[in-house]
């Protein structure tokens, strides 16, 4: 893959691209979740590069995109727009895991004409009305809980909680170990602090698929994924033998499911 970066007054954002031999192939952009980095999609790259141009990136405050100041989902979407402009990407499929789903929603709300399809993986929706006041308060407490944990316990505990398989655990732990406790706490505070800034539910103009691991017991993510599916009419796929990081726990089923959804969606778009 070719590694590049874009810069803003807030910091540098790193990304990697691998182009398909077919210049007309669609672009697919993978956005990782909290305290992870682009290596979350190691099992997706070999599969999707066969039929797509692939773009992976490290969210601001994550991976190589550190240090970064004043993280918000709006700022992250602006960094992604700067990347797509530089690479002359007119349209793309967005795949967002965890908080990466918020970044994709923000991007789609600003530049809807650029989004061919959206796949939310263990992602939750924007929209204050969807969350009872009690849940909003509980979510805001999460960064304080994270701050109380020793660094090693935080890293290993998150890796265990988000995965079901040995590969998934090792992949998650490797990413978490690249961040200090201070950096992880800062990332949690920024991500959860900006969670309810975008108050409206995003109305996608493109096909949407939601995916959740059958054993994703991370907070109320599975519950709100179902609510999102029911309220907006988006199909939701449950990935068997998988937890929060469903794309690493059961990559074969995940890749096949997403691939079939995208083939159907792109055919409809052409029609």
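None of the figures in this text is laboratory data; all of them are computed from the coordinates on show. Since the model is a prediction, treat every value here as computed from it, not as a measurement. Neighbour counts run over all protein chains shown; Cβ positions are idealised from the backbone, glycine included.
Counting other beta carbons within 10 Å of each residue's own, what order do 135, 22 fall into, fewest first?
Numbers: 135 14, 22 10.
The most exposed by this proxy come first: 22, 135.
What full-extension length gain, to one decimal in nm, is calculated for residue 145 and residue 268 as 0.36 nm per residue of separation minus the Cα-Cα distance? Provide the component values of the computation, followed by the final result.
Numbers: separation 123, 0.36 × 123 = 44.28 nm, distance 4.54 nm.
Stretched out fully, the residue 145 to residue 268 stretch lengthens by 39.7 nm.
Treat the count of other C-beta atoms within 10 Å as a stand-in for reagent exposure and order 182, 81 from fewest to most. Don't skip to the answer; put the middle values down first.
On the way: 182 10, 81 16.
Listed from fewest to most nearby Cβ atoms, that is 182, 81.
Report the extension gain between residue 110 and residue 25 in nm, rounded to one decimal, defined as 0.36 nm multiplied by the number of residues separating them, less their alpha carbon distance.
Details: separation 85, 0.36 × 85 = 30.60 nm, distance 2.39 nm.
Gain in length upon complete extension: 28.2 nm.
How big is Rg to Rh over the range 212-265, alpha-carbon atoms, Rh as the Kirkwood inverse-mean-distance radius? Walk me through the intermediate numbers first.
On the way: Rg = 11.4 Å, Rh = 11.6 Å.
Using Cα coordinates only, the ratio equals 0.99.
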For 98-104, 248-254, ranked highest to lowest by mean beta-carbon neighbours within 10 Å, the order is 98-104, 248-254
If R₀ is 25 angstrom, what is the calculated FRET efficiency for the pair residue 129 and residue 82, using the beta carbon separation as r and rounding to 0.05? 0.20
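In percent, how large is the relative contact order of the chain, given Cα pairs closer than 8 Å and 6 or more residues apart? Present the calculation step by step, with values, prior to reporting the outcome.
On the way: 513 pairs, mean separation 52.7, N = 271.
Relative contact order, the chain: 19 percent.
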All alpha-carbon distances of the chain, grouped into 5 Å bins from 0, give the whole-percent distribution 1, 6, 13, 19, 21, 19, 13, 6, 2, 0, 0
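Tell me what the chain gives for mean residue ellipticity at 222 nm when only DSSP H runs of n ≥ 4 count, each as -39,500 (n - 2.57), the sum divided by the residue total, rounded to 500 deg cm²/dmol.
Details: 10 runs with 117 residues, N = 271.
Theoretical 222 nm ellipticity from helices: -13500 deg cm²/dmol.
State the extension gain, in nm to one decimal, for the chain segment bounded by residue 50 and residue 230, taking 0.36 nm per residue of separation less the distance between their alpha-carbons. Spell out each step's value before the answer.
Values: separation 180, 0.36 × 180 = 64.80 nm, distance 3.31 nm.
This chain segment gains 61.5 nm when fully extended.
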Can you sort 199, 231 from fewest to most other Cβ atoms within 10 Å of each residue's own Cβ? 199, 231
